[in-house]
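*Asks:* Supplied in structure tokens, the structure appears directly below.
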There are 2 protein chains.
Amino acid sequence: MSRLVMKFGGTSVATLDRIKRAAKRVAREVANGHEVIVIVSAMSGKTNELVGWVNETSPFYDAREYDAVVSSGENVTAGLMALTLQEMEIPARSWQGWQVPLKTNGAHGAARIEEIPTANLDARFADGMKVAVVAGFQGISPEGRITTLGRGGSDTTAVAFAAAFDAVRCDIYTDVDGVYTTDPRITAKARKLDRIAFEEMLELASLGAKVLQTRSVELAMRYNVKLRVLSSFGEYDETAGTLVCAEDEIMESNVVNGVAYSRDEAKMTLLGVEDRPGIAAAIFGPLADAGINVDMIVQNISEGGKTDMTFSCPVDQVARAKKSIEDAKASGAYEFGELVADQDVAKVSVVGIGMRSHAGVAAHMFKALKDENVNIKVITTSEIKISVLIDRKYMELAVQALHDAFELEKIGTA
Amino acid sequence: MSRLVMKFGGTSVATLDRIKRAAKRVAREVANGHEVIVIVSAMSGKTNELVGWVNETSPFYDAREYDAVVSSGENVTAGLMALTLQEMEIPARSWQGWQVPLKTNGAHGAARIEEIPTANLDARFADGMKVAVVAGFQGISPEGRITTLGRGGSDTTAVAFAAAFDAVRCDIYTDVDGVYTTDPRITAKARKLDRIAFEEMLELASLGAKVLQTRSVELAMRYNVKLRVLSSFGEYDETAGTLVCAEDEIMESNVVNGVAYSRDEAKMTLLGVEDRPGIAAAIFGPLADAGINVDMIVQNISEGGKTDMTFSCPVDQVARAKKSIEDAKASGAYEFGELVADQDVAKVSVVGIGMRSHAGVAAHMFKALKDENVNIKVITTSEIKISVLIDRKYMELAVQALHDAFELEKIGTA
């Protein structure tokens, strides 16, 4: 019997009516001959209520108790979903993390999945259970305490179950209908992708984070779990949503598959840094310790034993980054002339596995930006992504220009 | 180290402020040198919300899923209480039923406690834990499913923990400040009892049910657990509340300790029933099958092979009882002349373990009622209780008269 994993997020189970709607989708897959593992989130708003109570009770809370409280939201949905399916005469049963058991390490609040033994669910499937409704986002620690998996935990739960139970697919039902070539709010030409490679999905994180948590995509890539993202609210057909899968399952692809952006970036430059071995570590070590999310890093050529070091970070971390750098300078960790911060930049990236085998993608990108008179401030490249920092005011223009330049509104061209 | 069990009901943990207030009472007991097991209910209103969702989803729900959903309310309170205690620098930890484990049978929705192994909590107490906050009302079945204990389950949980851990006392914090000689709404002379025997508490169920569930009192009596009922909201001192304990711990007692009442009773009489062996079983068997809560039963002397059989039941079950009786007659189970229902009666009882050794209590009661011209319709007696059915309109008058006649406003008299 083939196994299918279906995951429903908070907005998809926000009310009893929506749970019923989700259950109908589950029923259809049971009718298609699948044994189904359904992963559910808490009804939307419930987790925030619980987190609010914890924070109000204890600002520096014990993460073990946080987990015990916060995990209860998913348990409620799991029971209600099982009851809803039973009302439709589908043999269903709810499972809390510890009952499966979904074994994690002891890192409360952000636990890592270690193992999902399949024996308990397998035995029930063999007994006639058609649907196991599993509370997402939670597991059990080696000490027998409830753990939660942290941000994106329910998506990660779903992928981990798909891997453990060798599921044919993991369908993530959410409130968007798939992954787009870019943000449809920026250009109406944005097109839903039918398929996207794991690697592209990861590089499109800034677009994709609204759709799928990075962590679940990494896990899916590692275990080669076919992930489908689709809407709980739209009409259903075989091509609904976007399939996130291995590169070799994508027959025809654009060289560039998406244009991503990140609006609130800052560019910081240390002018006149002494150019010596270990200088990068001396600069970026303290920044990491200060919790600064350094993204792009560029080092200019050296002149007279001095160089310029430029990096980008979220604009709301600039003050903290500045303090870290001044402190490091004061402590004698390194020398530099001047620190310049440009707080009005944005990052725009083109992403595509096709660019590995196609030359000229960068040149095509830079020309498109030049044609719109958009000045490029920093460039970084990876195998399947080219990113530039530009003035924030040109961000929408740049995204539209690149979407046009690579003809992303069409399939299998450019 | 002495162990103490403290139980807080839904209104006592309804908000974060009230949880904090309850935690202060726990802190005081820790300072007194106790290791404390706290049993908590769901925040008030939460269980009703969950039950409402279950009923709306599935009117004839699977009790296993009902339990999985409904038990989550207590889990939230347990975690929040543990966090609150930690904020007060008291080493505390939450425990869900399955973690203890509190082992029950598999009767979902109304499970019976089978065993509470003490090893897990004992090990943590030995490690320095001062307070174990246990989610009330729930346990785990032999199949590894969550069970709930049904009505009064949290009180029963508390008493069972007190028995298992050999606690010096089980304090039940609630929204009333103890057990009264009668309902203070009926007479301002009603006096809070400092102590009451288990047996009296059980017979006063109609008064006491607002305070303590019968089931928890039965369990306390069986294991001789000292139960104290007291208010979460009032001032605290050593004599706060009412201690429910074994008879031999009550030095001085009134002959009568309480006047109970039940307002909505009905009296039903079968006139001219054939008087033969087995007739009572023939009448009351079908009534039990129909779910009628028959309370008092009186059989008159027989005349000419016929007798009258009278019983009382809740007034809202009269129609169902009538149908059951007519059906039994139609099926030839037994014969009778006429069925008379009086739907305007109430039951008033006096209760006291002292009446075992005192003659004349019944006579004193009947005289007090006669002096107020209250006509007695049915009488039943047990070792420590005398109950009468009277016209409902005289109920308050009768309660007041009996409270006065036995001088219940005074201690250790009559």
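*Asks:* In whole Hz, with x marking every Gly and Pro, tabulate ³J(HN,Hα) for segment A:114-123 from phi via Karplus 6.51 cos²θ - 1.76 cosθ + 1.60, θ = phi - 60°.
*Replies:* Values, residue by residue: 9, 7, 10, x, 9, 4, 4, 5, 4, 4 Hz.
*Asks:* Could you sort the peptides B:46-58, B:141-153, B:177-189 by per-residue average Cβ neighbour count (10 Å cutoff), highest mean leading?
*Replies:* B:141-153, B:177-189, B:46-58
*Asks:* Select from B:Thr307, B:Thr11, B:Thr84 the residue whose mean-square fluctuation is largest in a Gaussian network model of chain B (Cα-Cα springs shorter than 10 Å).
*Replies:* B:Thr307
*Asks:* Averaged over peptide B:86-97, how many Cβ atoms belonging to another chain are found within 10 Å of each residue's Cβ? Working shown, then result.
*Replies:* Numbers: counts 7, 6, 0, 0, 0, 0, 2, 5, 8, 2, 7, 0.
Average per residue, whole number: 3.
*Asks:* May I ask you to list the trypsin sites (Lys or Arg not before Pro) in segment A:309-414 that are in a DSSP loop and have at most 15 other Cβ atoms within 10 Å of their Cβ?
*Replies:* Numbers: sites: A:Arg320, A:Lys322, A:Lys323, A:Lys329, A:Lys347, A:Arg356, A:Lys367, A:Lys370, A:Lys377, A:Lys385, A:Arg392, A:Lys393, A:Lys410; in loops: A:Lys410.
Here the sparse-neighbourhood loop sites are A:Lys410.
*Asks:* With n ≥ 4 as the cut-off for DSSP H runs, can you work out [θ] at 222 nm for chain B, using -39500 (n - 2.57) per run divided by the number of residues, rounded to the nearest 500?
*Replies:* Working: 13 runs with 138 residues, N = 414.
Using -39500 (n - 2.57) per qualifying helix, the result is -10000 deg cm²/dmol.
*Asks:* In whole Hz and in residue order, list the ³J(HN,Hα) couplings for segment A:67-78 that follow from phi through the Karplus curve 6.51 cos²θ - 1.76 cosθ + 1.60, θ = phi - 60°; x for Gly and Pro.
*Replies:* 4, 4, 6, 5, 5, 5, x, 5, 4, 4, 4, 4
*Asks:* Can you give me the long-range amide H partners of A:Arg169? Hydrogens built in the peptide plane at 1.01 Å from N, cutoff under 5 Å, separation of 5 or more residues or another chain.
*Replies:* Hits under the 5 Å cutoff: A:Val5.
*Asks:* For B:Ser44, what residues show an amide H to amide H distance below 5 Å, using hydrogens built from the backbone and excluding near sequence neighbours?
*Replies:* B:Val13, B:Ala14
*Asks:* How big is the gap, in Å, between the Cα center of segment B:338-414 and the Cα center of segment A:39-74?
*Replies:* Between the Cα centre of segment B:338-414 and that of segment A:39-74, the gap is 53 Å.
*Asks:* Mind pulling the angle between the C-alpha long axis of helix A:16-31 and the longest principal axis of chain A? Nearest 10 degrees, somewhere in 0 to 90.
*Replies:* So the helix axis and the longest Cα principal axis differ by about 80 degrees.
*Asks:* Another question about this same structure. May I ask you to derive the relative contact order of segment A:3-174, considering only C-alpha pairs under 8 Å and at least 6 residues apart, and to give it as an integer percent? Write down the numbers at each step before the final one.
*Replies:* On the way: 365 pairs, mean separation 53.1, N = 172.
Computed value for segment A:3-174: 31 percent relative contact order.
*Asks:* Which ³J(HN,Hα) values, rounded to whole Hz and listed in residue order, are derived for segment A:362-375 from phi using the Karplus coefficients 6.51, -1.76 and 1.60 in 6.51 cos²θ - 1.76 cosθ + 1.60 with θ = phi - 60°, glycine and proline given as x?
*Replies:* Whole-Hz 3J(HN,Hα) from phi for segment A:362-375: 4, 4, 4, 5, 5, 5, 4, 6, 4, 4, 9, 6, 8, 7.
*Asks:* If you don't mind, another one. What does chain B give for Rg and for Dmax, in Å, if only its C-alpha atoms count?
*Replies:* In Å, with Rg to one decimal and Dmax whole: 23.9, 79.
*Asks:* Sort B:Phe8, A:Phe406 so that the residue with the fewest other Cβ atoms within 10 Å of its own Cβ comes first and the one with the most comes last.
*Replies:* The fewest-first ordering by Cβ neighbours comes to A:Phe406, B:Phe8.
*Asks:* Let me ask something else about it. Starting from the amide H of B:Ser94, placed 1.01 Å from N in the peptide plane, find each other amide H under 5 Å away whose residue is 5 or more places distant or on another chain.
*Replies:* Counting only residues 5 or more places away or on other chains, the set is B:Val133.
*Asks:* Also, I was wondering about something else. Relative contact order of chain A, please, whole-number percent, based on alpha carbon pairs below 8 angstrom and at least 6 residues apart.
*Replies:* Working: 899 pairs, mean separation 57.3, N = 414.
Contact order relative to length: 14 percent.
*Asks:* Classify segment B:1-148: rounded, prolate or oblate, from the alpha-carbon gyration tensor (a ≥ b ≥ c, eigenvalue square roots; a/c under 1.5 rounded; otherwise prolate if a/b is larger than b/c)? Intermediate values should be presented prior to the final figure.
*Replies:* Values: a/c = 2.81, a/b = 1.46, b/c = 1.93.
Because a/c hits 1.5 or more and a/b fails to exceed b/c, segment B:1-148 counts as oblate.
*Asks:* Report, in whole Å, the centroid distance computed from the Cα atoms of segment A:282-321 and segment B:167-236.
*Replies:* 69
*Asks:* Compute the helix-to-body angle for B:46-57: its Cα long axis versus the longest principal axis of chain B, expressed 0 to 90° and rounded to tens.
*Replies:* 70
*Asks:* What is the helix-to-structure angle for B:153-164, meaning the angle in degrees between its Cα long axis and the longest Cα principal axis of chain B, kept from 0 to 90 and rounded to the nearest 10?
*Replies:* So the inclination is approximately 70 degrees.
*Asks:* For B:Phe233, A:Phe137, what's the fewest-to-most ordering of other Cβ within 10 Å of each Cβ?
*Replies:* Arranged by neighbour count, lowest to highest, B:Phe233, A:Phe137 become B:Phe233, A:Phe137.
*Asks:* Pull out the extension gain between A:Ala281 and A:Glu335, defined as 0.36 nm times the separation in residues minus the alpha carbon to alpha carbon distance; nm, one decimal.
*Replies:* Values: separation 54, 0.36 × 54 = 19.44 nm, distance 1.33 nm.
Additional length available on full extension: 18.1 nm.
*Asks:* How far is it, in nm, from the label point at B:Asp404 to the one at A:Val298 when both lie 7 Å from their Cα along the line to the Cβ?
*Replies:* Simple spin-label model gives 9.8 nm for this pair.
*Asks:* Where nothing but the Cβ of Lys and Arg (+1) and of Asp and Glu (-1) is charged, how large is the charge dipole of segment A:3-174 around its Cα centre, in debye to the nearest 20?
*Replies:* Numbers: 18 positive and 19 negative charges, 96 e Å.
Computed charge dipole of segment A:3-174: roughly 460 debye.
*Asks:* Now for a different question. I'd like the mean, over residues of A:68-78, of how many other protein chain beta carbons sit within 10 Å of each residue's own Cβ.
*Replies:* Working: counts 14, 10, 2, 5, 12, 2, 1, 6, 10, 3, 4.
Average neighbour count from other chains, rounded to a whole number: 6.
*Asks:* So, R0 is 56 Å and r is the distance between the beta-carbons of A:Arg28 and A:Asp289; what FRET efficiency does that work out to, to 0.05?
*Replies:* Numbers: r = 51 Å, r/R0 = 0.92.
Approximately 0.65, to the nearest 0.05.
FYI, it's all coordinate maths here, none of it is from the lab. Keep in mind that what you see is a predicted model, and the values were worked out from it rather than measured. Positions of Cβ are generated from backbone atoms using ideal geometry, with glycine treated the same way; all protein chains shown enter the neighbour counts.
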